[in-house]
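The values are calculated or read from the model by the stated rules, or taken from the named source; none is laboratory data. Fair warning: this is a prediction, and the values are worked out from it, not measured in the lab. Neighbour counts run over all protein chains shown; Cβ positions are idealised from the backbone, glycine included. Surface accessibility is based on the protein's heavy atoms, side chains included, excluding ligands, DNA and RNA. Shrake-Rupley method; radii C 1.70, N 1.55, O 1.52, S 1.80 Å.
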Amino acid sequence: MSEDLHRLLASTRRDADAVVLAQPSALRRVGTRRARTRTGLVAVLAVAVLIGGSVVANRYTTRAEPPVITPPAPVVSSPAPSASRLAVTFEEDACTTDLSACRAPGRWWFEEKLPAPCASTTHASDAQIVARRSRTVAPDPADRSLRYGQTLVRYSGDGAGRYVSEVESALSRCPSVRRQLGIDSPSTMFTLRYQKVSAGSYRPGVGSLLLTRGYTLSGRDFTLLMVVARIGDVVVVVSDMGRDEQPASGTTVTMGQAAFDAAVAASVREAETWT
């Protein structure tokens, strides 16, 4: 053994001899405290192992479908829904299957689904009708008496173009027509005035004819808008049916330009996808 090692061991013995040992009772207390500490550490370790094992098990069992944590929805102020999204669509109209129910004399004047400026309401293009769908829509659910008519008609051949031309011709030939007040009052007549407002392109590929239906009743003048739009072989007619105060009192409130424009836009979109 080397001299350096001897010196190291001797120094270690001197350090050990200099340590004053505590009394046995103190050592027992220390031992007890250490035992408690070890027991506590073992318990904590056991809990940690259980928790860790649970987490590992949970990760294992849910690995294929991790838990979904849904954050709280942010509080935002959404805009009020538009009238077109809230519109109420009523059942399909009789005009869908019965052409005589589309216009006078089978309908009330303000419910005419197709324009009828003259006493004769038929057209040569009627023979080319392939399909027809007619509905009544209320743009404001809170006021279902404020309505518009929407009628889609598909023609064969050049029928759609012929029909629009026939309506324009009737508008120029018949500035007014006498109509009965209602289908239940054939003896009471009044004058209905159809007038052409404009004709042109609603947008590329869609022709448009805007007209009005006016009348005077009980000393008051009323005007209702109507649009005839052509999309290929389909014609869509949108007619303001207004709001009737009483069954025989006539229309007193119209849709308004903005609401009517929205109705036309929605109807043209439907006509473009109608099959």
Q | Residues with amide H under 5 Å from that of Ser145, placed H, sequence gap 5 or more | A | none
Q) Dividing the convex hull volume of the Cα atoms of segment 124-275 by its residue count, what figure in Å³ per residue is obtained? A) 128 Å³
Q: Hand me the trypsin sites (Lys or Arg not before Pro) from segment 110-207 located in a DSSP loop with no more than 15 other Cβ atoms within 10 Å, in residue order please.
A: Arg144
Q: Work out, step by step, the length gained on full extension between Arg178 and Val253: first 0.36 nm times the residue separation, then minus their alpha carbon distance; give nm to one decimal.
A: 24.8 nm
Q) In terms of modelled amide H atoms, which long-range or inter-chain residues lie less than 5 Å from the amide H of Ala116? A) none
Q: Ignoring everything but the protein chains, give the 1.4 Å probe accessible area of Ser156 in square angstrom, nearest 10.
A: 50 Å²
Q) When the accessible area of segment 151-238 is split by element with a 1.4 Å probe, what percent falls to carbon and sulfur? A) 49 percent
(Q) Test of the criteria: in segment 82-143, which GluC sites (Glu not before Pro) are in a DSSP loop and have at most 13 other Cβ atoms within 10 angstrom of their Cβ? (A) Glu91, Glu92
Q) Can you list the residues of segment 104-122 with backbone N under 20 Å from a point 7 Å past the Cα of Lys196, pointing along Cα to Cβ? A) 114-122
Q.
Give me the net charge for the shell around Leu192: Cβ to Cβ below 10 angstrom, other residues only, Lys and Arg +1, Asp and Glu -1.
A. +3
Q) Nearest 0.05, what FRET efficiency do Thr97 and Arg269 give at R0 = 22 Å with Cβ-Cβ as r? A) 0.40
